[in-house]
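What follows is a set of notes on a single structure, which appears directly below.
The values are calculated or read from the model by the stated rules, or taken from the named source; none is laboratory data. None of the values given here were measured: they were computed from a predicted structure. All Cβ positions, even for glycine, are placed from backbone atoms using ideal geometry, and neighbour counts span all protein chains on display.
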Amino acid sequence: MKSTTQFFHLLQSLGVVRYSGKKNIYGLHPLIISSFVILVTVTLADCIRKTLNYILRDTIAKEIILEFLATAELCACCFELIVVADNYGALTYGFYLFLLTLWWTNAWEDATACPYNLIEDFLDGYRPLITTIILVASQVFGGIAVYKYVETVWSIQLAETHIGLLDEECVADLTVPMVFGAVIEGVATFLCRLMSRILNEVNFRFAHILDAFFATTLVLVAFNFSGGYFNPALATSLKFGCKGNTFEEHLVVYWLGATVGSISSFYFYKLPFLQVRLEQYKEKYD
């Protein structure tokens with residue numbers, strides 16, 4: 001009993017359980033509770049993914065379901081990351097996003113949870129237009145449908161940071177004029193996609209870590225201007241219809257801006273001068 005009491009006092013001194021048990025389950029720190037929510041979400045999604053991979057053959061139907069699932073997982077985690085950002089700042093948000101990005105890089109396999117990745121595959125001739133449209137639609141539906149899961153979690157009010165969330169009015173993240181926001185989302189997406197392609201091409205040992213760090217850094221840079229979404233499906237799930245954005249602004253900033261940035265990166269990467277430099281690099285270091 002004494003050792004248990006001492007352990008509890010240790011947790012209190014570390015700030016793990018010193019919070020009100022009436023507002024936070026077991027008196028845990030709200031950030032720990034948010035971490036637990038995210039962990040449960042990715043674990044649940046991964047179990048579903050592994051089950052689907054086991055029972056389904058490799059068909060377009062399976063691809064549609066996995067894109068739906070990946071986008072739902074992404075958006076559910078990012079809803080909770082909004083709670084983290086609002087209460088513990090952008091750097092804490094960035095740290096969690098970085099870790100999640102590393103996880104998703106390995107867990108999702110061929111799923112992307114991002115519309116412009118599918119558009120790039122279409123431009124590269126990997127899949128027909130109708131399949132691309134269906135897959136993009138599955139991503140958008142996944143991002144929208146998962147809000148019911150998020151709503152259920154928040155309604156339980158596991159942490160004081162969840163209290164009242166469902167009663168709050170959603171507010172848009174765009175704090176700059178529409179054109180500036182589109183440029184920010186577009187340029188950042190261009191840089192993210194270009195970096196990913198280059199790292200994938202040169203087979204750098206820690207490419208996935210550097211790629212995740214680079215993308216997270218760009219998100220933090222754009223955070224106070226456009227929200228730093230760089231993903232139309234994610235932005236639609238989290239912010240479509242929120243106060244402060246019109247339909248036109250949302251479409252131009254988060255869909256047109258990011259997609260143009262992605263397509264520009266796709267064609268820029270194929271320019272001869274860049275391909276020559278990449279070949280020279282590979283010959284030197286391979």
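See the values below:
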item: Members of segment 32-60 found to be among the hydrophobic types (A, V, I, L, M, F, W, C) and either under 14 Å from Tyr96 (Cβ atoms) or outside the structural domain of Tyr96 (by TED's automatic domain parsing) (or both), listed by number; result: Ile32, Ile33, Phe36, Val37, Ile38, Leu39, Val42
item: Breaking point among (1) surrounded by 18 or more Cβ atoms within 10 Å (Cβ to Cβ); (2) free of Cβ contacts under 8 Å to residues at least 60 places away in the same chain; (3) of a type in the set (A, V, I, L, M, F, W, C); (4) not in a helix (DSSP H, G or I), for Leu218; result: (4)
item: Per-region count, segment 236-262, residues in contact with a Ser or Thr (Cβ under 9 Å, 6 or more places away or on another chain) and under 16 Å from Phe141 (Cα atoms); result: 2
item: Subset of segment 221-244 that is in a loop (DSSP other than H, G, I, E, B) and over 24 Å from Tyr149 (Cβ atoms) - its residue that is modelled with the lowest pLDDT; result: Gly244
item: So Glu160, is it surrounded by 15 or more Cβ atoms within 10 Å (Cβ to Cβ) and assigned by TED's automatic domain parsing to the domain that holds Leu97; result: yes
item: Verdict on Arg205 being farther than 22 Å from Ile38 by Cα and in contact (Cβ under 8 Å) with a residue 12 or more places away in the chain; result: no
item: Options Val150, Val179: the member that is surrounded by fewer than 18 Cβ atoms within 10 Å (Cβ to Cβ) and part of a helix (DSSP H, G or I); result: Val179
item: Yes/no for Val253 being among the hydrophobic types (A, V, I, L, M, F, W, C), crowded, with 18+ Cβ neighbours inside 10 Å and in a helix (DSSP H, G or I); result: yes
item: Qualifying residue in segment 204-211 (condition: over 21 Å from Thr71 (Cα atoms), touching a helix residue (DSSP H, G or I) at 6+ places or on another chain (Cβ under 7 Å) and buried (at least 22 other Cβ atoms within 10 Å of the Cβ)); result: no
item: Members of segment 160-177 found to be closer than 25 Å to Asn24 by Cβ and free of Cβ contacts under 8 Å to residues at least 12 places away in the same chain, listed by number; result: Gly164, Asp167, Glu168
item: Those residues of segment 256-277 which are surrounded by 12 or more Cβ atoms within 10 Å (Cβ to Cβ), under 30 Å from Pro177 (Cα atoms) and either free of Cβ contacts under 8 Å to residues at least 12 places away in the same chain or among the aromatic types (Phe, Trp, Tyr) (or both), in sequence order; result: Phe266, Phe268, Tyr269
item: Test: residue in segment 76-98 that is more than 25 Å from Gly227 (Cα to Cα), free of Cβ contacts under 8 Å to residues at least 60 places away in the same chain and not assigned by TED's automatic domain parsing to the domain that holds Leu210; result: no
item: Selected residue [over 24 Å from Glu168 (Cα atoms) and among the hydrophobic types (A, V, I, L, M, F, W, C)] from Leu251, Leu218, Leu234; result: Leu218
item: Filter pass, Ser237 being under 21 Å from Leu99 (Cβ atoms), hydroxyl-bearing (Ser, Thr, Tyr) and surrounded by fewer than 22 Cβ atoms within 10 Å (Cβ to Cβ); result: no
